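Only one structure is covered here, and it is reproduced in the block below.
FYI, it's all coordinate maths here, none of it is from the lab. In this text, all values refer to a predicted model and were calculated from it rather than measured experimentally. All Cβ positions, glycine included, derive from the backbone under ideal geometry; neighbour counts span all protein chains shown.
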Amino acid sequence: MLGSFDYALWLTSFLAEVFVVVWALRRGDFFRYLTLNIYVLGLAADTVIRYVVYKTYGVSSTQYAYCYYYTDALLTVVMFGAIISLYSHAFRESKVPSYIRILAFVSLAATAAYSLLVIQQKRQLLATDFAAEFSANLYFVGMVLTYVLWTIVLRRHHARTRLVLIVTAFGVFFAGHTVTYGLHSFFPSVAAWQYIPPLLGTWLPLSLAYTFARVSDEHRMPVAAVAGVS
Amino acid sequence: MLLALIVALAVGFTIHWGISYCRAAIWSAYNRELSEEVRSLAGLDKEGNDPNSCSRLWMLLDLCPRIGAQDSTRLRLVRFYCRILTSLNFLARRLGARFSGRFQRERMACTHFAAVVLDRRLASARQSRSRSHL
């Protein structure tokens, strides 16, 4: 049974997701960050689908578990697409050799394709422990890819603030999920871990909403001041 | 063992990115061009970066009227943070310039933040005075 805290998070994240897409459409940023906006749209749709499945079958049903892990895995694949677009933004900013660009794009695309293939082939296992393991692996890969992206963003003396905020928000999201899955494996009896994924799920659209609403695309900042590097 | 390593790495990344996000958000919200008036009052350079002007800026902020100021809590937090940095900087200077440099950079960000708040408060005080003259 879900409590008022879960409902509040659900509603907050849904409103933030809708806000991001509407704001991007109004300001003409939708196509500039196309895959990111498609991902946020997917998040909003996922929130609605999960709510309907929860209301129909209940939170402890196999249907809800299947829906949760299936949509989560699919959205993570879409998120890899969003990260690819962030890579292209970062590459446009800094001078990176072309072979590194190709390597990054190929590895990202291969990860996304492999994940999609696993989801399609092992669809019947997505309500079992396999789903949790697969999600944990995807989040770990996401964390590593975000770290590589972060180092590319740091190559410039003055980076675009929007890019810095988006990349760090994704970083917190992926690393936070990896920590949660890891801690859950060590201490499976602790109930507190179940609150972290919804919190992280709210964090991402909220931070994206803040970034799009408050930070202009042209604004730049010294990365040394942000990352503590010289 | 490998899982413990991954968790430790992820915890480190979460903290690192969390701090970076906060810094970037504060920077984007408060990084404004400073007026000539504030720069000369606080003795700042053109970039508004002089860590040693910190104490003078806090003093000026205490004297400045707070008309419609909504940033008092954030200012108190930054002031507290700046005090910690000053103490750490004092200790780090004994260890070497490399350690001290990091704290100096952080203090510069605090100074800039305080200067922007002072600038805003002066502008709103001026605006309110001109409104009362009308």
task = For A:ALA159, enumerate residues with amide H under 5 Å from its amide H, sequence gap 5+ or separate chain, H modeled in the peptide plane.
result = A:MET221, A:VAL223
task = Mind giving me the nanometre distance, one decimal, between the label points for B:ILE84 and B:ARG66, set 7 Å out from Cα along Cα→Cβ?
result = 2.1
key: Listed residues A:GLN63, B:LEU44, A:ASN137: farthest to the positive end of the dipole of the protein assembly as shown (Cβ charges)   = B:LEU44
ask   = For the modelled label position 7 Å from the Cα of A:ARG32 along Cα-to-Cβ, which residues of the stretch A:93-111 have backbone nitrogen atoms closer than 20 Å?
value = A:93-95
ask   = Listing B:ASP62, A:ASP29 from the residue with the fewest other Cβ atoms within 10 Å to the one with the most, what is the order?
value = B:ASP62, A:ASP29
ask   = What length, rounded to one decimal in nm, is gained on full extension from B:ARG126 through to B:LEU95, with 0.36 nm per residue of separation minus their alpha-carbon distance?
value = 6.6 nm
message = Please compute the length gained on full extension between A:GLN121 and A:SER189, using 0.36 nm multiplied by the number of residues separating them and subtracting their Cα-Cα distance.
response = 21.4 nm
ask   = Once label points are set 7 Å from the Cα along Cα→Cβ at both A:ALA109 and B:ARG76, what is their separation, rounded to one decimal in nm?
value = 5.5
ask   = For the stretch A:1-127, what class follows from the C-alpha gyration tensor (a ≥ b ≥ c being the square roots of its eigenvalues): rounded when a/c is under 1.5, otherwise prolate if a/b is larger than b/c, else oblate?
value = oblate
query = By how many degrees, 0 to 90 and rounded to 10, does the Cα axis of helix A:4-27 deviate from the longest principal axis of chain A?
reply = 40
task = Under 1.5 on a/c is rounded, so check that first for the stretch A:127-166, then, if it is not, pick prolate when a/b is larger than b/c and oblate when it is not; a ≥ b ≥ c are the square roots of the alpha carbon gyration tensor eigenvalues.
result = prolate
task = Would you mind working out the magnitude of the charge dipole of the protein assembly as shown relative to its Cα centre, with +1 at each Lys and Arg C-beta and -1 at each Asp and Glu C-beta, to the nearest 20 Debye?
result = 1180
ask   = Using a Förster distance of 41 Å, how high is the FRET efficiency between A:ALA213 and A:LYS95, based on the Cβ-Cβ distance and rounded to 0.05?
value = 0.85
query = Which cysteines does the protein assembly as shown leave without a neighbouring Cys Cβ under 4.7 Å?
reply = A:CYS67, B:CYS22, B:CYS54, B:CYS64
ask   = If you line up the long axis of helix A:34-57 against the longest principal axis of chain A, both from Cα atoms, how many degrees apart are they, to the nearest 10?
value = 10
query = What Kirkwood radius, in Å to one decimal, follows from the Cα pairs of the stretch A:31-103?
reply = 14.1
request  = Note the direction-averaged projected area, equal to a quarter of the hull surface, for the Cα convex hull of chain A, in nm².
outcome  = 13.2
